[in-house]
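See below for the structure under consideration.
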Amino acid sequence: MFERFTKDAREAVVRAQEEARATCAGHIGTEHLLLAVATGTGHAASALAEHGATVERLRDELPGERLDGEALATLGIDLDEIRRRVEASFGPGALDRGRPSRGGHMPLTPESKKALELALREAVRLGDRHIGEEHLLLGLLRDEGTAAAGMLRRAGADTARLREALSPAGGRRGREG
């Protein structure tokens, strides 16, 4: 299926993995896929922002917590220095033991796999030969029970209107091949 992904959609999956790592998650959830689409530069990201689901607002609704190095720095806490000292005392990777790896593959949750399958179905439904970020977003919008759907609701986005904005009649982007 990934061979049908556009370059932007493949990059979104990579960004989702980065989002998952930033939250110390051991998997790529629908919440990470949603943030990845929102941080893109295409029509899907624009549609999210136009419907109130800006990257900042979605991050506020993200389940879990982030380690914000900049915010901690204002308190005089240097995460890099802490890591250096801990690794000097306990060995390289001491802070990563029992946590998700900082590199390599992260698994998709069953909900994320389903969202990717639904993205393929959306592309087929629309007659597209590729799967773009807009299809990823449409796939995420199909299941109202996911973390991504909850984030969108809490951010105040109307998912029906968002789906409409991504439809061909709603001004969806031109076809890519």
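Of the peptides 49-58, 21-30, the order by per-residue mean of other Cβ atoms within 10 Å, starting with the highest, comes out as 21-30, 49-58. Subtracting the Cα-Cα distance of LEU75 and ARG163 from 0.36 nm times their residue separation leaves 27.4 nm of extension gain.
Rounded, prolate or oblate: which fits the stretch 104-156 when a ≥ b ≥ c are the square roots of the eigenvalues of the alpha-carbon gyration tensor, with rounded for a/c under 1.5 and prolate only if a/b beats b/c? Oblate. Here's how it looks for HIS51: its modeled amide H is under 5 Å from none belonging to a residue 5 or more places away or on a different chain. Summing charges over neighbours of PRO110, with a neighbour being any other residue whose Cβ is under 12 Å away from its Cβ, gives -1 when K and R count +1 and D and E count -1.
Residues whose amide H falls under 5 Å from that of PHE5, counting only those 5 or more places apart or on a different chain, are ILE131, with hydrogens built in the peptide plane. On the basis of the beta-carbon distance and an R0 of 30 Å, GLU144 and CYS24 show a calculated FRET efficiency of 0.65. Between ARG154 and VAL124, the modelled label-to-label distance comes to 3.4 nm, taking each label 7 Å out from Cα in the direction of the beta carbon. Extension gain for the segment VAL55 to GLU117, taken as residue separation times 0.36 nm less the Cα-Cα distance, is 19.9 nm to one decimal. Hey, can you grab everything whose amide H is under 5 Å from the amide H of LEU108? Only 5+ residues off in sequence or another chain; H modelled, so Pro and N-termini drop out. Under 5 Å from the amide H of LEU108: ILE28. Net charge near THR54: determine it from the other residues with C-beta under 14 Å of the C-beta of THR54, scoring Lys and Arg +1 and Asp and Glu -1. In short, -1. Relative protection proxy for 109-119, 132-142, from highest mean packing down: 132-142, 109-119 (other beta-carbon atoms within 10 angstrom).
Since every read-out is calculated from the coordinates, none of them should be taken as a lab result. Small disclaimer: the values here were computed from a predicted structure and weren't measured. Virtual Cβ from ideal backbone geometry, glycine too; neighbours counted across all protein chains shown.
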